[in-house]
Each structure stands twice: as C-alpha cells, then as structure tokens.
1. Would you say B:GLU79 is farther than 30 Å from B:PHE214 by Cα and surrounded by fewer than 20 Cβ atoms within 10 Å (Cβ to Cβ)?
2. Residue by residue through the stretch C:50-70, note down the ones that are farther than 22 Å from C:SER229 by Cα and not charged (D, E, K, R).
3. Out of all the residues in the stretch B:187-214, which are under 19 Å from B:ALA58 (Cβ atoms) and surrounded by fewer than 19 Cβ atoms within 10 Å (Cβ to Cβ)?
4. Return only the number of the condition from (1) in a loop (DSSP other than H, G, I, E, B); (2) more than 14 Å from chain A (Cβ to nearest Cβ) that B:GLY126 does not satisfy.
5. Could you check the stretch B:215-242 and list, in sequence order, the residues that are in contact with a Cys (Cβ under 9 Å, 6 or more places away or on another chain) and surrounded by fewer than 22 Cβ atoms within 10 Å (Cβ to Cβ)?
6. Name the residues in the stretch A:205-256 that are among the acidic types (Asp, Glu) and either crowded, with 18+ Cβ neighbours inside 10 Å or part of a helix (DSSP H, G or I) (or both), would you?
7. Is it the case that the stretch C:63-70 has a residue that's among the hydroxyl-bearing types (Ser, Thr, Tyr) and within 11 Å of chain B (Cβ to nearest Cβ)?
Amino acid sequence: MTCSPTRLAVALRELKSERPTVSAGAATGLRLARVQTLALTRRSVISEWRQLGNVIPGIVFPLLLAAVYTHQFTRVILLPGFPVVDSFLDFVLPASLVQSVSFGATEAGTELARDIENGFFDRLRVSPCTRLPLLLGRLGGAVVVAAAKGVLIIAIFLLFGAEIAGGPAAAVVLVAAAVLLVIAIGGLGQVLAIITGSQEAVNATFPLVFTSIFMSSAFFPTNLMSGWFREVAEANPVTWIIDPVRRLILDGWSWSDAGQALAVPLVISVVTVTMAVVALNRKLGSS
Amino acid sequence: MVASAICGRGMRRIMARPTLIMPVLLMPLIFVLSFTGAFGSLTRVEGYGTDNVFNWMAVYAAMQGAVFAGVGGASTTAEDIENGFFDRLLLTPGSRVPILIGTMAYSALRSTIPTTGVLLVSALGGLRLPGGPLTLVTVYVATAGIASAFCLLGLAVVYRFRTMRSMILIQVCGFSLMFLSTGQVPIHFMNGWLHAVARVNPVTNVLRFARQGFLGDLTWSMTWPGLVALGAMVVTAGALAVHQLRRLTG
Amino acid sequence: MGETTRARFDDDVVIEASGLERTFGEVVAVDGIDLAVTRGEVFGFLGPNGAGKSTTVRMLTTLLRPTGGTARIDGHDVEKSAAAVRRIIGVALQDASIDPLMTGNELIRLQAVLHGISRSESRSRGAELLARVGLAGAAGRRVATYSGGMRRRLDLALSLVHEPSILFLDEPSAGLDPTSRLALWEEVRRLNSELGTTVFLTTQYLEEADELAGRIAIIDRGRLVREGSPEDLKSMVGSPTLRVDVDPVFLESARRVLVGFGPERPAREGRLAIGLDEGATRVAEVVRALDDAGVTVSHLELDAPSLDDVFADATGRRLEGAEK
C-alpha cells in the first residue's frame, strides 16, 4: 500500500479535527501508524526547511574546522603512529560529518519541548495518534536533513581532493551511520524534552554532544593520546563508530567494519527511542 | 557613578542566579580538557614551542571563555530590551554612554571567572610559568580585553536587532576568529590561506602577548603588538556600539 | 468632528506638541497631534487600543524620535535637548520596566544613581516611596516574586525617585484589580494636589479619564478627535440617551417612532437608541407613542451622556468593546 497524498491529507485532517474520518476505519493499526508518521515527518521537514538559517552553521562550521585543521596539521600527520594519509582531510572526513549532523540532532528534542511548552502537544495527544509516530515523525525531519547534509559534506570533501578507498558503498555506510547517530541523539533529546518540558534543558545538551565529539578519536587517533583522556576517548561510543568508518575510507571496504559502524549507532538508537516511548507513556498514562 | 552601578548590577544578578555563570565557566574548562587531551601529541611535533600542552592551550581556552563572557554581557542587555527594563535605562538624563561602559566593565569582570577556572585546572594538569608571575597579568589583561571587545560587538548587534538570537551569531563569529589564529598550533605550522588569515588576525597578536610567559620570558616586542591589537578591537567595537546606541531611538 | 477647546495658552505650558507625527514604514501611528498641557494639570489621553497613545508618550518622553512635527517639555525640545527633558520627567510605561532578578530596593537604588542622587538621599527617599506605594515589606524580595499589581506600584515608585515635576503614566491601571486601581487614583490625585505634579496619563478606561483628568483629549487612529474637560465634552454631546430593546419584528416601526423624538445614536444588535432632550420628562410620551404603533418593548433605559457617547459621537464607534 503506497502512501498517496490523499492518505496524508486524511491523516492531517484527522489530527486537526480530532475525529476520525470515514476512510480511517479502513486504515487501522500499522497502516495508520505509518500514515501518521509520514504526516508528522512532513511537518517536521517543512519546519526545518523554514528555518534554513539554522542549518547553515551546521554545514559551514564543521567545514571550516576541517579546513583549518588540515592546514594546521600538515606536520602532525607525519607523526609516527598516525594512520597513513595523504592529508588530514581524509582523516577528518567522518568527524566533520558526525559534527555536522550533531548540529541538528537536538532539534527533534527541542521541537518536542517547544510543542509541549506551547500546548500544541496536547492537541496532538487527543488526536487518534499512537505514541510511536509522535516521536518518530519528528525524528524523521532530523533524519532527512542529516542525510542531505551528509551527502553535501562528502561531495565538498571529494571536491577538495579527499579520497574514499572503500568506494560508494563506504560513503553510503558513512551517511547511514551518521543518520543513525542522529536518531540516537534525537531520541535522547526527546527523553529530556518529555521529562523536563523545557527547550533550554534540551538545548543545554548540545555543548555536551559537541565536546564528546572532541573527546573521541574524531580529530586525533586514540593511539596517540595518553593518560585518562585516552581512556575516556576509547570508551566513547563515538570512537566506536568513527574508527571503523575511517578504516572504510582509508583502507577500503570491509564487511566487519561496515557492520560495526552501523550496529553501534543502531543499538544506541533503539535504546534511546525505547526510552523515549517509555517516558512518553509514563507521562501520558496509557498506551 | 552610572557605569559602576550598571557593572555592579550585573555582578549582583550573577549572585542572584548563579546558573547564569555556569556555562561561561564550564565551556572553557571542557575546552581545555578536551583540547589538551585530544591534541596532547602535538607537543611531539618539531617546533611546537613547548613540551607542555597545557602551557600552549590554557591561554587559548581562557580566551575562548572570554569571548563567551563578553557575549554573555551583551545578552543581559538583550534580555533587558526584551522585558522592557532597557527603556528605564534609556531614560537616564545625560549621556547614555556610561551604560555601555558599565556593561563592558561587567563583561571584563565576568571574564575573570572562566580565566581563573582554566588556570586552576591547567595548574592541576601541570601548567608552568617560565615567564614568572607577570605571565598571569598578561593573561588577565588579554581576556579582559577580549571580553570587552566582544561585549561591545554584541551590544552593537543587540541595539540593532534587539533579540537574543543575534547573540549566537556573535558567539560563532568570535569562536571562528579565535580559531583562525594560533590557538592550537604556532603560525609556522600553517600554510596557504590559513597562514595569511592568521597573520592579519589581531587575535594572533593577542595570543602571542598572553602566551609568551608560558613559553619563555616576557619581552616588550611580543607585548606591544598584543596591546595595540586589543586596543584596536575594543575601540572599533566600541565605536560600532555607540553608533548603534545613538540610532536606537530613531 | 475635530472640535477642540484649547487650553489657556500661557507661559506655563509644560507639555507642548505641534503637528507631532510618527510613521513606521507605511503605517501612520500618530498623524499630526497638537497638544498643550499646563503646569499642574492632570491631562488624560483617551483612546482605544492601537490609537497611538503609547507611541505619542514614547515620543514625548524621548524614547522615540518623531518623524514629523515638534514637541517640547517645559521649553526643552524632545529631540535637541533630550537629556534636559529626561531630568525633569518621570515615566511609568505600559509594561512595567523592571528587572525581575533584582529586588525592589536594588532597583530604587539603581534608579537613584542613574539620576545622580546621592546614596544617603536615595535610601531615605526610596524607603518613603516604597512605603507610600505599599511595598515596604516586599522591598527586599526579588521582583520576580511580585504580583502584577505590585510590579506596577514599583514602577510608579521608580518613576518618582527623582521627584519629577511632570509624570507620564501609560495605561497605569491596565490589569489591576479594582482595589489597586482606586489606590493608584488616590496616589495620582495626591501627587497632583499636594506636590503640584503635572500628570499626563493615557488610558482606555473611560472611568479613569473621567475621574482623574481635568482635561481630556480623545485620540483615534492617530488623530485627536475631541479635546476639553470631561463635563464640557459630555455636554457637547448633549442630551441623555434613551435605549430601547424591541423584538426584531418591530425594529423598523419602532425606529420610525423614535426618530421623531430625537436623533438616532449607535446601539448594539436588537436595540435602538436616540438622544432625548429633557430626558426623563419625555419618556412617558415615547412609551405611549411606541404603544400606539403596536410595538412591544422588552427593556428601556435612560442614560446621561458618558465619554463613551462622546467617543461615539466623534467617531461613530463605541470605545469599550460591545455596543451598549
């Protein structure tokens, strides 16, 4: 069953009128959930598009960082122990991508918090909308934007001479891993939004996400770190995602690397989204 | 005096709501920790300038904190404009410039908090002062100057656009300005366009001035360009702010 | 429309505006206003929301530059000698201009410093002012904990710290409960009678203008439509209003009868109103005439003219929401 525009319109009308329309009797359960998710995703994407100014920093900033580091670290890549690269650009590609998507990752959470703050959430609640679409729909917006950003950044890097040894498959894995990471962070943001109902609280997680990218192998190989910092970086899940992805980029395709790069963020996403659903159910009192 | 009253008010607000100062204090601390941790190996590279990464990074983290503190000072004004209190300040008889000066002084004073935090944490990490205690003076002067300049820049933007959201723009600009300089690596590590940008960036001189005591002795030739750069930044930003303040009622 | 009774024009004009105008892009908020307020007056600026009252006040208090015309406060031009103006005026704006993170005492002290008052003097004056507005107990608490009424009172106290001779109050009792409103009126009357403070007050409440102001200017859509003392304005509109409720079936025949007794006035749906000279004495006649025409009357009332009638007469609309 494809999702035609009429079905979307039906779903949206349902949300507005709070009474199921006649044809909804036919679309029950899973189909309804899918339709609702798509409708809410659409709303989320449109809302992001309208705030395009917010997306720009998420692209410009990581690129600037990458450009500056590449120029500053020309001698650094020659350090013994550093992975063999032509330029720091190849090294930093996964970091830039992860950083770029992190800029929008908390959006899902802040949007939800904003809806809760201004009461729109209550309106969504009394619609025949089940819990999961409410959360996934918003994540959907973040996912679409993250994927777009990922493709754009890879394109720019390639333009400046970076090389991906693992080929297009590696690029796909990179974007997919980044998207899954967004879902993971977004889910966490949504949990916070549901618990605190405050945009400020959710926004405060951004600096934490930002720094945790630095406290990983994103910008420097962990084998060249020392002391407690190295331990922190090696325990950081971001490292577990970036290391295999980087190997795909520098060394070439490997199924185990691809698997790890996708499995880690997938597991985290499942956990955080489940947490969000649980939190939502607890807040609303029923399923 | 009006300026000191405004400055005092700012400090009292921090005591009224201590969470106001937390981000300003925490960001540079996290900064210094993650940068020294991630890039600790830079010291192994020939010609880095020091073998102690804290000696290099501490000043950079402190100055990023100063940008943050400066922008935060302007944010207070943004809040005042949004809740109407600014009108009352505008009704001061006489010149309104003391209000600006008071806000700037508040930012400079505010910046001592993150600077002190960074220095303390870095001391725990092994910070040394080859240039003697005067080194600390250069750091505080530099951060106060940076905070003032960015506060004034923030005020210029706030007077013009009157919303809190414009503050993020200044914050990002400040971060980038710091970044396109010798924050993390010496200038001779750079090449191409970055080298050119860093050379003309006034922050480079300020960093050199503030950092000299951590790398060796304090000399006049490394001091005066930094002071000139600080002065130029404060004066330019101040002129912009005064101009926008005058336009405010039009 | 546009009738004015000018104030006695002498050297004691402390608030003076000539052709005062303010546009925001395409929108003309204030469209050429002339004002003359004499020393010691309580002058009321009455008009509906969006009429241009706040904009006018902001121009007169140097917070906004006029795009046309001039204004002078006690001889000082608001644009050229703004600092001198700010020294002699006290201002309490529509949204209480306070900082929620500070305490009442701290705000008073700050206000004093801004106006160059010494610390010791500010302390004594502050205590007195806070006591007078009933905030002595709460002065040590942060303003965020104050109720809306308390914030207004603090705002008023702040506007009086430097003992201004001219006080501007922009919608001072908006959002206040009736008791607070009465207390505010008392305070304004006292300031005016005991200290001789000139008060320029804007409001959308007829009662407030009626009670407090010696002279009123009615502003609508950026223009002055009437000016004069409340009594003069009301007597200009003249006769009392007779309001009659009839069943819609009888509306037209009732109207035909009523307009024979006096001019029709605006009224809400299902009701007719006319101006009736000699009011009460003719009511019996009207009722008989309606009865003869076979009209059934469900309700009848006779009202002396109000400022609402003045406004309606000047603009064709009612000031306070629904028609009477």
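The values are calculated or read from the model by the stated rules, or taken from the named source; none is laboratory data. Quantities reported herein were computed from a predicted structural model and do not represent experimental measurements. When we count neighbours, we look across all protein chains shown, and the Cβ atoms used for this are built from the backbone with ideal geometry, even at glycine.
1. Answer is yes for this residue.
2. C:GLY50, C:THR55, C:MET59, C:THR61, C:THR62, C:LEU63, C:LEU64, C:PRO66, C:THR67, C:GLY68, C:GLY69, C:THR70
3. Across the stretch B:187-214, the qualifying residue is only B:ILE187.
4. B:GLY126 satisfies all of (1) in a loop (DSSP other than H, G, I, E, B); (2) more than 14 Å from chain A (Cβ to nearest Cβ) except (2).
5. Passing the criteria: only B:ALA237.
6. A:GLU231, A:GLU234, A:ASP243
7. There is at least one residue in the stretch C:63-70 that is among the hydroxyl-bearing types (Ser, Thr, Tyr) and within 11 Å of chain B (Cβ to nearest Cβ).
For every residue, the table says whether it meets (1) within 14 Å of chain A (Cβ to nearest Cβ); (2) of a type outside the set (D, E, K, R).
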{"position": "B:ALA3", "(1), (2)": "no, yes"}
{"position": "B:MET11", "(1), (2)": "no, yes"}
{"position": "B:ILE14", "(1), (2)": "no, yes"}
{"position": "B:ARG17", "(1), (2)": "yes, no"}
{"position": "B:LEU20", "(1), (2)": "yes, yes"}
{"position": "B:LEU26", "(1), (2)": "yes, yes"}
{"position": "B:PHE31", "(1), (2)": "yes, yes"}
{"position": "B:PHE35", "(1), (2)": "yes, yes"}
{"position": "B:GLU46", "(1), (2)": "yes, no"}
